[in-house]
Amino acid sequence: MKYGYNSPDSFSRAFIAMHEVTPSKAREKGISLKAYLRVTFSLSIKGVVEMNYRIEQKNSFTVVGVKQRFSHIDGLGENVGKMWTNTPQETISQIAGLGNGLVGVYSGMYEDNTTDYYIAAITEKDFPKTLCKLEIPSLTWAIFEIIGPMPTAMAEIWWRIFSEWFPTSGYEHAEAPEVEWYSNGNLSSPDYKSEIWIPVNKK
């Protein structure tokens, strides 16, 4: 009734048509759903482009790689991009060999307005002392699926997560690292797959 449906059955049919799962199934962890911001009319229309995401519980895991500390006020995205460009390919390959692909991890917001960024792999293997490790605890994650060339597609979803998804999702950001997951493949391909993992708590 709250959302304008005359019966539970009519609501369920509409829900299944949109999300391809039942409302009760959607309560389970790991189910992929679609998020839309409410359509608003001003100078532009927002909320008409879907965001594919799922809520998933993950056990604790370790990431291993290289890290740098950046200001999260001045040019964070640009500086992270330079870090990826300037890290030697042999180091990237060494890190990738520790796990299944690469992740980028933002960890910590410090009093001097800085944050650590890791180019890393999720791994349980032994690793060289030249690399750094970060332990990430068991958490609930909102995992956003991205299809499109880097870095444009990921940058757009980062913006939409905080401007569109959080205000309407019923979740809040947990105090824990954020993860960018990168698949193997051509980063400039329009079909390239990546993900953003955001730690969340239910409000």
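Within region 165-203, can you find the residues that are of a type in the set (Gly, Ala, Ser) and within 26 Å of LEU134 (Cα to Cα)?
ALA174, ALA176, SER183, GLY185, SER194
Among all residue pairs at least 6 apart or on different chains, which show Cβ distances below 7 Å where the first residue, located in region 117-129, is touching a residue at least 24 places away in the same chain (Cβ under 8 Å) and the second is among the hydroxyl-bearing types (Ser, Thr, Tyr) and part of a strand (DSSP E or B)?
Partner pairs satisfying both residue conditions: TYR117/TYR106; TYR118/SER107; THR123/THR62; GLU124/THR62.
Condition first: in a helix (DSSP H, G or I) and buried (at least 19 other Cβ atoms within 10 Å of the Cβ). Can you find one or more residues in region 134-148 that meet it?
No, because not a single residue in region 134-148 is in a helix (DSSP H, G or I) and buried (at least 19 other Cβ atoms within 10 Å of the Cβ).
Yes or no, residue by residue, for (1) at pLDDT below 75; (2) at positive phi; (3) of a type outside the set (Phe, Trp, Tyr):
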position	(1), (2), (3)
TYR3	yes, no, no
SER12	yes, no, yes
ALA17	yes, no, yes
LEU33	no, no, yes
TYR36	yes, no, no
VAL39	yes, no, yes
TYR53	no, no, no
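Taking only region 161-203 into account, find how many residues are over 21 Å from MET109 (Cα atoms) and more than 9 Å from the chain's Cα centre (by Cα).
20
Answer with yes or no whether ILE92 is in contact (Cβ under 8 Å) with a residue 12 or more places away in the chain and surrounded by fewer than 19 Cβ atoms within 10 Å (Cβ to Cβ).
Considered against the rule, which asks whether it is in contact (Cβ under 8 Å) with a residue 12 or more places away in the chain and surrounded by fewer than 19 Cβ atoms within 10 Å (Cβ to Cβ), ILE92 comes out as yes.
Check TRP84, TRP165 and return the single one that is in contact with a strand residue (DSSP E or B) (Cβ under 9 Å, 6 or more places away or on another chain), aromatic (Phe, Trp, Tyr) and over 22 Å from ILE73 (Cβ atoms).
After applying the criteria, what remains is TRP165.
Which of the residues belonging to region 191-203 are open to solvent by 70 Å² or more (accessible area, probe 1.4 Å) and touching a helix residue (DSSP H, G or I) at 6+ places or on another chain (Cβ under 9 Å)?
LYS203
Which of the residues that make up region 64-81 are closer than 23 Å to ASN113 by Cα and part of a strand (DSSP E or B)?
If the condition is that a residue be closer than 23 Å to ASN113 by Cα and part of a strand (DSSP E or B), then GLY65, VAL66, LYS67, GLN68, ARG69, PHE70, SER71 are the ones that fit.
When the residues of region 119-133 are filtered to those that are more than 16 Å from GLU90 (Cα to Cα) and touching a Leu at 6+ places or on another chain (Cβ under 8 Å), which remaining residue is least open to solvent (accessible area, probe 1.4 Å)?
Checking each candidate, the answer is THR123.
Looking at region 95-111, which of the residues that are more than 13 Å from ASN184 (Cβ to Cβ) and in a loop (DSSP other than H, G, I, E, B) is most open to solvent (accessible area, probe 1.4 Å)?
Applying the filter and picking the extreme gives GLU111.
How do the pairs read when you match residues in region 173-199 that are among the small types (Gly, Ala, Ser) and at pLDDT below 95 with residues anywhere that are buried (at least 19 other Cβ atoms within 10 Å of the Cβ) and in a loop (DSSP other than H, G, I, E, B), using Cβ under 6 Å and keeping only pairs 6 or more apart or on different chains?
Note: pairs meeting the criteria are GLY185/TYR192.
Does VAL63 count as touching a Gly at 6+ places or on another chain (Cβ under 9 Å), in contact (Cβ under 8 Å) with a residue 40 or more places away in the chain and farther than 20 Å from GLY185 by Cα?
yes
The values are calculated or read from the model by the stated rules, or taken from the named source; none is laboratory data. Source: prediction; values computed, not measured. We place every Cβ from the backbone using ideal geometry, glycine too, and count neighbours over all the protein chains shown. We work out accessible area using only protein heavy atoms, side chains counted, and drop any ligands, DNA or RNA first. Shrake-Rupley method; radii C 1.70, N 1.55, O 1.52, S 1.80 Å.
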